[in-house]
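Chemist: Please find one structure pasted underneath; my questions will follow.
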Amino acid sequence: MKITILIKIIGIIIVGILNMNFMHANLSKSSVSIPLQLQEFIATMELEKQVLQGGAIAILSRGKVIYQDTFGYEKGKENPITPCTIFPLASVSKPVTAIALARLVQAGEINLNQLMNIPHLKHQVSWKHLLSHTTGYHFSGNYMAEKGVPRHELLSKLGNLKPSHKPGKDYFYSNTIFSLTEEALNLKKKTLSIILTSLNKAIGEQGAQTVEMNPKIKIAFPHNKARETKGVVTPPKPMPFPSHYPKVFPAAAGIFSSLNGLIEILKIQMGYRPNIISLKTAAQFAKPYIEAKYIENWKGKLRFPFLISRVESYYGLGWRIFKSKDHKGKYLIFHSGFIGGVRAFMGYIPCEDIGIIILVNQDTKFHMQQGINFWGCFLKTP
């Protein structure tokens, strides 16, 4: 018993020393202090990220960056990652698309409840149905996209299917269906590229781009896991750049952004860029629209600092939502993303007015695990 207590005391002292180090290194430009709940979390994250190929992390509180760090390299040991390095966002593309669409909602150019005749679907659906994965179709398309099947061929297969449910009644996560937001935009004589360019102009950053991006921009290339064989560690190796998803599902999994860009985008969602989108408009997208029990699929794959049975999972419009049955109002609004060799996480806790962004160019669970741990910091009993 005494040994256990001693180990805990030593651990607290080490965390305290790490806290002093990272606060000195990363908070010099911020006038906002780190919440007590996060100090140990950040110290632990600082240790765990050291084995990764590279990444970029930021924590925002009350509209200000209170912690920011970039580490590692874009490719192999070449070009240190910076806040301007562009990362593939994978499924974090969905909330970015949602925020770009929110500008059209605020301008009165689209009505989220408007029913539309979308090509390839046999019944009318609304923007809400497309953005919440509730069109009634059970069709993923991921496997075919990964095999190189082009978008037009994929959508033709979708067009031959019949819906399984009425719109709005059933949740089925689908990159293919979400990407039909592009067909819906075409009905308004707009494209994904147009609304992303408009968003970038508004925030003053290259916050969101598709595959037509400038080839001279520095990009974080994907890497596999580091491997250890008989005590010998093989460092992560660069992987082929993801090409299928960005071409087939741009709105759902093909957007690219830098840490600087995502910081401004998350500020919008948290209500700190009202000149771009009002908090009222942004909040429409982060409301639980349908219950979606995806958290059960992550059981055994991640360490949860709370009981999964006490958490309800929902999907909004381009955002996932966690609700704790034991902590009223402490929702986690987030989305994670992964494509081979790339990981991303963006989320926030509205009642705490705090959010986090994690970008990593390596196969790892780090992004999702740290996102869960971040929320868990605010679910602990004082």
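Chemist: Which one is farthest from the chain's Cα centre (by Cα), of the residues in the range 72-124 that are of a type in the set (Ser, Thr, Tyr) and surrounded by 15 or more Cβ atoms within 10 Å (Cβ to Cβ)?
Modeler: Selected residue: 73.
Chemist: Now, a different point. Filter the range 266-285 down to the residues that are outside any helix (DSSP H, G or I) and in contact with a helix residue (DSSP H, G or I) (Cβ under 7 Å, 6 or more places away or on another chain), then identify the one that is surrounded by the fewest Cβ atoms within 10 Å (Cβ to Cβ).
Modeler: Ranking the qualifying residues of the range 266-285, first place goes to 278.
Chemist: Just to be sure, is residue 106 polar (S, T, N, Q) and farther than 15 Å from residue 181 by Cβ?
Modeler: Yes; evaluated as a whole, the condition is true for this residue.
Chemist: Also, quick follow-up: Given the criterion out of contact with any strand residue (DSSP E or B) (no Cβ under 8 Å at 6 or more places or on another chain), within 23 Å of residue 348 (Cβ to Cβ) and hydroxyl-bearing (Ser, Thr, Tyr), identify the matching residue among 191, 181, 176, 85.
Modeler: 181
Chemist: Let me ask something else. Out of all the residues in the range 102-146, which are hydrophobic (A, V, I, L, M, F, W, C), part of a helix (DSSP H, G or I) and at pLDDT 95 or above?
Modeler: 102, 104, 105, 127, 130, 131
Chemist: Taking the range 307-327, which residues are surrounded by fewer than 17 Cβ atoms within 10 Å (Cβ to Cβ) and either among the aromatic types (Phe, Trp, Tyr) or out of contact with any helix residue (DSSP H, G or I) (no Cβ under 9 Å at 6 or more places or on another chain) (or both)?
Modeler: 307, 309, 310
Chemist: Name every residue in the range 349-382 that is crowded, with 24+ Cβ neighbours inside 10 Å, in contact (Cβ under 8 Å) with a residue 60 or more places away in the chain and among the aromatic types (Phe, Trp, Tyr), in order of residue number.
Modeler: 374
Chemist: Find the strands (runs of 3 or more DSSP E) located wholly in the range 1-100 whose residues include 1 or more that are at pLDDT 50 or above, touching a helix residue (DSSP H, G or I) at 6+ places or on another chain (Cβ under 9 Å) and not hydrophobic (A, V, I, L, M, F, W, C), and list them.
Modeler: 54-61, 64-75, 86-88
Chemist: List the residue pairs whose Cβ atoms are under 7 Å apart, where the first residue sits in the range 304-319 and is under 18 Å from residue 169 (Cα atoms) and in contact (Cβ under 8 Å) with a residue 24 or more places away in the chain, the second is of a type in the set (D, E, K, R) and assigned to a loop (DSSP other than H, G, I, E, B), and the two are 6 or more positions apart or on different chains.
Modeler: 316/287
Chemist: Of everything in the range 248-264 that's among the polar types (S, T, N, Q) and in contact with a strand residue (DSSP E or B) (Cβ under 7 Å, 6 or more places away or on another chain), which residue is farthest from residue 81 (Cα to Cα)?
Modeler: Looking at residues that are among the polar types (S, T, N, Q) and in contact with a strand residue (DSSP E or B) (Cβ under 7 Å, 6 or more places away or on another chain), I get 257.
Chemist: Tally the residues that are surrounded by fewer than 23 Cβ atoms within 10 Å (Cβ to Cβ), β-branched (Val, Ile, Thr) and farther than 24 Å from residue 56 by Cα, restricting the search to the range 220-249.
Modeler: 2
Chemist: Hey, residue 197 hits all of (1) touching a residue at least 24 places away in the same chain (Cβ under 8 Å); (2) farther than 18 Å from residue 131 by Cα but one; which does it fall short on?
Modeler: Every condition holds for residue 197 apart from (1).
Chemist: Which condition from (1) over 19 Å from residue 362 (Cβ atoms); (2) touching a Pro at 6+ places or on another chain (Cβ under 6 Å) is the one that residue 250 breaks?
Modeler: Of everything listed in (1) over 19 Å from residue 362 (Cβ atoms); (2) touching a Pro at 6+ places or on another chain (Cβ under 6 Å), residue 250 misses just condition (2).
The values are calculated or read from the model by the stated rules, or taken from the named source; none is laboratory data. Keep in mind that this is a model prediction, so the values were computed, not measured. As a convention, Cβ positions derive from the backbone with ideal geometry for all residues, glycine included, and neighbour counts pool all protein chains shown.
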